[in-house]
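Chemist: My questions will all concern the structure given below.
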Amino acid sequence: MNCNLTDLKHKEVISCCDGTRIGFVDDVIVDTQTAKVISLVIFGRGSFFGLFGRCEDYIIPWEKIDLIGQDTIILSCSMPKPIKRQKKRRFKDNF
């Protein structure tokens, strides 16, 4: 089965260990030299309509994926740890 990036964004990611729903794929990290997918990124949920920031993101290594199905992506038993998002640098921070 072939899958586009837009198809991945509509798939729900679930942990096989306890059935936890992690979220939907938001981004993909690709190694540009080997043209291989390294990991999937799931953005953290926004708190209070996104006004007070977001929770941590999940970065899931490709090796942790057990199965990519029609509607879901099943992960291996270990739950990924959330990673804090790096703040974007603003122009005024350079001075």
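The values are calculated or read from the model by the stated rules, or taken from the named source; none is laboratory data. Note that the coordinates shown come from a computational prediction; the quantities given were computed from them, not determined experimentally. With ligands, DNA and RNA removed, areas are computed over all heavy atoms of the protein, side chains included. Shrake-Rupley method; radii C 1.70, N 1.55, O 1.52, S 1.80 Å.
Chemist: Given the residues 38, 14, which is the only one that is open to solvent by 60 Å² or more (accessible area, probe 1.4 Å), at pLDDT 90 or above and on the phi < 0 side of the Ramachandran plot?
Modeler: Numbers: 14 fails: open to solvent by 60 Å² or more (accessible area, probe 1.4 Å).
38 is the lone residue from the list that is open to solvent by 60 Å² or more (accessible area, probe 1.4 Å), at pLDDT 90 or above and on the phi < 0 side of the Ramachandran plot.
Chemist: Does residue 67 fit the bill of being more than 12 Å from the chain's Cα centre (by Cα), hydrophobic (A, V, I, L, M, F, W, C), at negative phi and at pLDDT below 75? Step through it out loud before you land on a result.
Modeler: Details: more than 12 Å from the chain's Cα centre (by Cα): yes; hydrophobic (A, V, I, L, M, F, W, C): yes; at negative phi: yes; at pLDDT below 75: no.
No, not satisfied.
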